[in-house]
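Here's the structure, in structure tokens; my notes come after.
Coordinate-derived values only; no laboratory data. Note that the structure is predicted; figures quoted are calculated from it, not measured. Positions of Cβ are backbone-derived with ideal geometry, glycine not excepted, and every protein chain shown enters the neighbour counts.
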Amino acid sequence: MGLSYILNNLFFLIFTFMAMLTFLVFVSSRKHLLLTLLSLEFLVLVVFVALSFTLFYFYNEMYFMLIYLTLTVCEGAVGLAILVSLIRCKGNDNIQSLSFLLW
């Protein structure tokens, strides 16, 4: 049991805890769209750090991380566009004031 084994286990536990906490915030925040988007972006960031550590540590691969970041930026832009259009139409970002079938 070397130091690298302990650090790998600690890394795994910390990022598992962060992912679970972020997922809990994502599931429980149903009132405001901005809070939901922020928790989703933090969850994507946690997945990116875990993925980059795994891919770089085991496979020395960096190209997939660039593709993942590109798709993450596109997802963030779509989320912000939906948020801006929601605020322009309704005046707030409350999710309860929406009817997604009529919007």
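With the crude spin-label approximation of a point 7 Å out along Cα→Cβ, what separation in nm comes out for Met62 versus Leu80?
Reported label-point gap for Met62 and Leu80 is 2.6 nm.
Bin by bin, in steps of 5 Å, what percent of the Cα pairs in the chain do you find, going until the bin that has the longest distance?
Reading the bins upward from 0: 2, 11, 16, 17, 17, 12, 9, 7, 4, 3, 1, 0.
Scan the stretch 1-101 for trypsin sites (Lys or Arg not before Pro) in coil per DSSP, keeping those whose Cβ has at most 13 other Cβ atoms within 10 Å, and list them by number.
Passing both the DSSP loop test and the Cβ count: Arg30, Lys31.
Answer with one residue from Leu86, Phe53, Ser39: the one whose Cα lies farthest towards the positive end of the charge dipole of the chain, charges on Cβ with Lys, Arg +1 and Asp, Glu -1.
Farthest towards the positive pole: Leu86.
Any chance you could run the full-extension gain for Val73 through Val27? It's 0.36 nm times the residue separation minus the Cα-Cα distance, nm to one decimal. Don't skip to the end; give the middle numbers.
On the way: separation 46, 0.36 × 46 = 16.56 nm, distance 2.17 nm.
Taking 0.36 nm per residue and subtracting the Cα distance, the gain is 14.4 nm.
Starting from the Cα of Tyr5, step 7 Å along the direction of its Cβ; do the same at Leu34; then give the gap between the two resulting points in nm.
Label-label distance for Tyr5 and Leu34, simple model: 4.9 nm.
List residues of the stretch 57-71, by number, whose backbone nitrogen lies under 11 Å from a label position 7 Å along Cα→C-beta of Phe15.
The answer is 57-58.
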